[in-house]
Amino acid sequence: MSDLKYIAGKEPHPRERRMIFKNVDREGWDQSIDTYEKDGGYEMLKKALKMEPGDITSEVKAGGLRGRGGAGFPTGVKWGFLPPNNEKPVYLICNADESEPGTFKDRYIIHQDPHQLIEGMVISCFAVNAKLAYIYIREEFPEGAAILEKAIEEAHAKGYLGKDILGTGFDLEIYVHRGAGAYICGEETGLIESLEGKRPYPRIKPPYFPAAMGLYLCPTIVNNVETLCHVKHIIELGGEEWAKIGKPNNTGTRLLCVSGDVQKPGYYEVEVGSLTMGELINDVCGGLKEGRKLLAVIPGGSSAKVLRGDETYQVGDDELTIWDIPMDFDTLAACGSMAGSGGVIVIDDSRSISWVLNNINAFYAHESCGQCTPCREGSLWMKKITDRVVAGKASPQDIDTLYGVAKNIDGRTICAFGEACSWPTESFVEKFKDELVADTKPELSDDILNPESELAAAGLG
Amino acid sequence: MRPLTNEPCLFAKPTLLIRKFSFSMSFEVPADVEAKVDERITHYPVSKRSAVLPVIHELQHHFGFISEPAVEWIAEKLELEPIKVLEVVTFYPGIRQSAPGKYHIRVCRTLSCAMAGSYELMESLCETAKIDRSGVNHHNPIAVSPDGKFSIEFAECLASCGTGPVCLVNDDFYEAVEDAGELLGKYK
């Protein structure tokens, strides 16, 4: 690792361990297949193709790889859900719809190291016996889509894709499919609907678990970009060895994306759980801005529940401050939030909590697909109420209404968007109620009975 | 019977129902664009319908937006009812139904970029390009400059939260944009 040179000013932090991002910002690196091959690229594919497909799945299970898209579901277990004695074709889809606010890791893999993703995908397709795969990339990455298409063409020319890959008799085609700016396409069944050429309305589970009834109602595996890249490294080290990185049940490295009020926002690859929130913010990201105090952290993309800067958390026998929380899946869950997609948004005391929540609510109101009533209506209500709070036109009771609306979405929708849109509001109200109420006007309490306010309360004003 | 005209119709879309009499006379897809479309369709051996978005992207790239005749052209190409194309066109924020400017700007609106000043960037871009956003709403998100050179809209998270505020100008991506004049100056 030490002989790698990075572009001046973009060197990895000493606390990082670069595996997935080994080639990101590397000096003299480009996206061509020649550069990738010179660095040992596609060797792991050759190794994997000599293995039994089932053994690759076993290695991924042994490694304990958890999905990096947000839910943290074990990848090997997901693959294991493919029906035994299946006679239908199997499809693999790479979810490159990166759109959770605060998350910007897949962008760099796609733009700077596309062949790592292709290699990970070919290995994964071989493991699950998929002969047709798609990379569903968000439309806002036009350059990324072109880079991937070029990489696929190069891989084809070298015999890593197409018919009879490297003489093993395994055939595979990968195509790039561009989305069109809808966040819901990151939800795997919504993504599948979108790929079938429809509106991306998520499907109800059961019965539509993609592994059983996915694309064209055939068994389908949907994995995040980062997840598929990890597969290559698991083949390199072996599952057991790879599992030694990080912590038990929270294995491997993780790409953390830090944005908001820190000195050095950016992307950092660390062993899962090797850093605490305090070390991440203070050591790696250079601390908060001059003279500022920590108000809140959203630890895993904007749908993760917010953590208050001055709160303490009971984890097992330990009482942790926000600074002591190790950045792993299980501890963040124990603190009432989630590691999600790795997007850490830091908010300092110069920000208005109402404004922050309103910005998040505007996002979810815009992105609700509209299929389920609680989410379609509720996300817009939440936005309209926080619009009023920000404009100084809300009454203190509005905050209770806001909380009630959020509570009525969560658990009542087909997909997890319901939780994604209600958790920010729920957690902000639970943790920052005083701050939110402070932005309301008690004298408006009586106004709730006039017709205009009633309409507004119904989200129609 | 209601005559077929170019006038916008609020409720029904009669032209979508009567394909034969639609705008095929004035709407033509150049051969090179159609060749790209045909190639895209081959990526979906199981179902042609899957090619709806890729075909839309090819046409939008060429025409700037997806008009009603474009919807019908796509439907015919993919052997679908036009409504199956229209429902897709009307759903996705990335598909435009009206003509943008020569250079279409998408400014990220979401939290990290907003914290880094994307609302201020939007304002100064509008001021510099003389764009009036007062008529913008959820259904008409795009505002165009009087000379038709620039158009602008807010986009939700462009996934570069560490380098905000960010924006896309057509297919070009810009990070940490500070000076609206400098950015617009790149486009003649």
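Table for the structure above
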item	result
R0 of 25 Å, Cβ-Cβ distance A:SER350-A:ASN282: FRET efficiency to nearest 0.05	0.90
Euclidean distance between Cα centres, the range A:115-177 to the range B:159-188, Å	31 Å
Accessible-area composition of the protein assembly as shown, carbon plus sulfur, in percent [1.4 Å probe]	52 percent
Distance between modelled label sites at B:GLU76 and B:LYS186, nm, 7 Å Cα→Cβ extension	3.9 nm
DSSP bridge orientation in chain A - percent antiparallel, rounded to nearest 5	50 percent
Label point distance in nm, A:LYS393-B:GLU175, each placed 7 Å from Cα along Cα→Cβ	3.9 nm
Shape category assigned to the range A:324-387 from the gyration tensor of Cα positions, a/c cut at 1.5	oblate
Rounded D (µm²/s) - chain A, Kirkwood Rh over Cα pairs, Stokes-Einstein at 4 °C, 1.567 mPa s	56 µm²/s
Rg in Å to one decimal, and Dmax rounded to a whole Å, for the range A:34-75 via C-alpha atoms	13.4, 35
Tail weight of P(r) past 21 Å, computed on alpha-carbon pairs of the range A:353-457, percent	29 percent
Potential lengthening between A:PHE209 and A:LYS47 on full extension [0.36 nm per residue; Cα-Cα distance subtracted]	55.2 nm
Sparse-neighbourhood loop sites, trypsin sites (Lys or Arg not before Pro) in the range A:48-131 - DSSP loop, at most 15 other Cβ within 10 angstrom	A:LYS50
Antiparallel bridges, percent of DSSP beta bridges restricted to the range B:76-155 (to nearest 5)	25 percent
For the range A:33-244: rounded, prolate or oblate by the Cα gyration tensor [a/c cutoff 1.5]	rounded
Interface area, A with B, accessible, probe 1.4 Å, both sides summed, Å² nearest 100	3800 Å²
Loop-located trypsin sites (Lys or Arg not before Pro) in the range A:202-279, at most 15 other Cβ atoms within 10 Å (DSSP)	A:LYS244
For the range A:33-244: relative contact order, % (alpha-carbon pairs under 8 angstrom, 6 or more apart)	31 percent
Members of the range B:107-126 that become less accessible by 20 Å² or more once partner protein chains are added (1.4 angstrom probe, chain alone as reference)	B:ARG109, B:THR110, B:LEU111, B:SER112, B:ALA114, B:MET115
Low-density loop cleavage sites - trypsin sites (Lys or Arg not before Pro) in the range A:2-32, where at most 13 other Cβ are within 10 Å (DSSP)	A:LYS5, A:LYS10
Residues in the range A:165-179 that, when all protein chains are in place, have 30 Å² or more less accessible area than the chain alone would give (probe 1.4 Å)	A:TYR175, A:HIS177, A:ARG178
Chain B: angle of helix B:68-78 to the longest principal axis, Cα-based, in degrees nearest 10	60 degrees
Beta bridges per DSSP with both ends in chain B, % antiparallel, nearest 5	55 percent
Helix axis angle, A:396-407 relative to chain A longest principal axis, alpha carbon, degrees	30 degrees
Estimated inter-spin distance, A:GLU27 and A:HIS111, nm [label 7 Å along Cα→Cβ]	2.2 nm
Rounded tilt (10° steps) of A:353-367 against the dominant C-alpha axis of chain A	60 degrees
C-alpha center-to-center spacing [the range A:279-301, the range A:312-340] in angstrom	16 Å
Normalised contact order of chain A, rounded percent, pairs of Cα under 8 Å and 6 or more residues apart	15 percent
Cut-off of 10 Å, at most 16 other beta carbons, DSSP loop: longest stretch of chain A lacking such GluC sites (Glu not before Pro)	A:88-289
Size of electric dipole in the range A:126-193: Cβ of Lys, Arg +1 and of Asp, Glu -1, about Cα centre, debye, nearest 20	220 debye
The range A:1-20 versus the range B:83-137: alpha-carbon centroid distance in Å	37 Å
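The values are calculated or read from the model by the stated rules, or taken from the named source; none is laboratory data. This structure is a prediction, so every number in the text was calculated from the model and none was measured. Quick reminder, even Gly has a Cβ in these numbers, built from the backbone with ideal geometry, and neighbours come from all protein chains shown. Keep in mind that these areas ignore ligands, DNA and RNA; they rest on the heavy atoms of the full protein, side chains included. Shrake-Rupley method; radii C 1.70, N 1.55, O 1.52, S 1.80 Å.
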